[in-house]
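Peer 1: I am attaching a structure below and will ask some questions about it afterwards.
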Amino acid sequence: MAYIGNSPANVGNYQIVDDISSSFDGNETSFALASSSITITPAKSGQLLVGVNGVMQEPDDTGTNGFKVSGSNIVFSSAPASGDSFWGIYQGQNVDVGTPSAGTVGETQMNISNSPTNGYFLSAQSGDTGGLTWAEVDALPSQSGNAGKYLTTNASTASWAALDTDANTTTKGLYEHEHTIDANYSITSGSNALSAGPITISTGVSVTVPTGSTWVIA
């Protein structure tokens with residue numbers, strides 16, 4: 001069949017509502033809704049097109065005119081008479097497009113702006129409508145051979161650096177340390193230690209000075 005203008009879109013989920021006219025008795029106003037004997041629950045009255053005795057009924061969520069929906073029931077503002085005819089169409093439901101087959105979704109469907117790069121991940125900026133892009137993973141630098149170092153950055157690249165604890169070099173005029181030792185400590189074998197006294201060692205705490213090492217409290 002030809003159409004003047006655009007052809008109707010073959011999308012959407014429109015269901016014919018089961019005939020409820022056999023329940024019309026001139027008194028009852030509320031009737032259960034189903035399509036092919038399966039209960040339907042419209043979200044609002046406007047999702048139904050309803051005709052009673054050949055007359056289109058007005059969808060009205062207040063129930064004042066025409067009809068409203070209440071759960072899976074249609075409620076008419078006035079009871080249809082016995083012998084009145086009925087037809088209805090349930091419209092506007094979401095359409096299940098199914099699950100894409102394996103290997104059918106590519107860069108075009110995902111709107112990726114460029115080709116993937118090894119070691120990169122897909123990223124999208126907040127509010128960005130230009131699609132997904134590949135961004136470099138900001139990973140840790142290699143840990144091999146960097147034991148005891150700390151991670152630092154120059155605001156663009158991360159790297160490992162050695163903690164400067166050399167007592168012979170300092171940009172400060174003095175060193176400060178606590179005067180109470182509250183955790184067990186062992187001086188490294190082959191090293192000496194220097195503390196500014198007096199020093200208090202908490203109960204149950206010990207300082208171990210290896211053979212050949214010296215701890216001086218000045």
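Here's the yes/no breakdown for (1) part of a loop (DSSP other than H, G, I, E, B); (2) closer than 30 Å to GLN109 by Cβ; (3) at pLDDT 85 or above:
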{"site": "ASP138", "(1), (2), (3)": "yes, yes, no"}
{"site": "ALA155", "(1), (2), (3)": "yes, no, no"}
{"site": "ASN168", "(1), (2), (3)": "yes, no, no"}
{"site": "LYS172", "(1), (2), (3)": "yes, no, no"}
{"site": "SER191", "(1), (2), (3)": "yes, no, yes"}
{"site": "PRO198", "(1), (2), (3)": "yes, no, yes"}
{"site": "VAL205", "(1), (2), (3)": "yes, no, yes"}
{"site": "GLY212", "(1), (2), (3)": "yes, no, yes"}
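Peer 1: Could you count how many residues in the stretch 169-207 are surrounded by 12 or more Cβ atoms within 10 Å (Cβ to Cβ) and among the aromatic types (Phe, Trp, Tyr)?
Peer 2: Qualifying residue count for the region: 1.
Peer 1: Look through the stretch 37-55, keep the residues that are within 37 Å of the chain's Cα centre (by Cα) and assigned to a loop (DSSP other than H, G, I, E, B), and return whichever of them is surrounded by the fewest Cβ atoms within 10 Å (Cβ to Cβ).
Peer 2: My answer is ALA43.
The values are calculated or read from the model by the stated rules, or taken from the named source; none is laboratory data. Being a predicted model, the structure only gives us computed values, none of them experimental. Because the Cβ atoms are built from the backbone with ideal geometry, glycine has one as well, and the counts that use them run over all protein chains shown.
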